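First up is the structure itself, then whatever we jot down about it.
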Amino acid sequence: MLLVTSSTAESLVTAAVLAAVGVLFLLRIHVEFELLHAVASSETSSSQPSKTNCPSCGARTTVDGVCDYCEEPLADDSTATDRTDETGRF
């Protein structure tokens with residue numbers, strides 16, 4: 001026969017509460033991460049045009065074939081395209 005004292009019962013309740021709080025904390029972290037990931041992913045599919053640096057003058061310009069500043073043609077090489085915005089974020 002197993003005797004359960006009040007201190008053992010309190011310890012079990014305390015352990016259960018701590019475990020529940022830990023699980024809820026991890027769940028919240030996971031949800032926050034997923035929300036941040038969704039926001040970051042949607043920025044790349046925004047309606048803003050892609051931008052690159054002009055190979056002639058180095059100015060930040062839209063990828064439309066001609067530099068918006070010096071009006072030199074942009075390289076047709078797709079590896080020259082930089083997907084960052086004015087702040088330098090991807």
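Close amide-amide hydrogen proximity is noted between GLU72 and CYS67, each under 5 Å apart and 5 or more residues distant or on a separate chain (H modeled in the peptide plane; Pro and chain starts excluded).
If the segment from TYR69 to GLN48 were pulled out straight at 0.36 nm per residue, it would be longer than the present Cα-Cα gap by 5.7 nm. Averaged over residues, the count of other Cβ atoms within 10 Å places the peptides 49-57, 19-27 in the sequence 49-57, 19-27, highest first.
Each reported figure results from applying straightforward, stated rules to the coordinates on display, with no laboratory input. Owing to the predicted nature of the structure, the values given are computational and were not obtained by experimental measurement. No Cβ is skipped: glycine too gets one built from the backbone with ideal geometry, and neighbour counts run over all protein chains shown.
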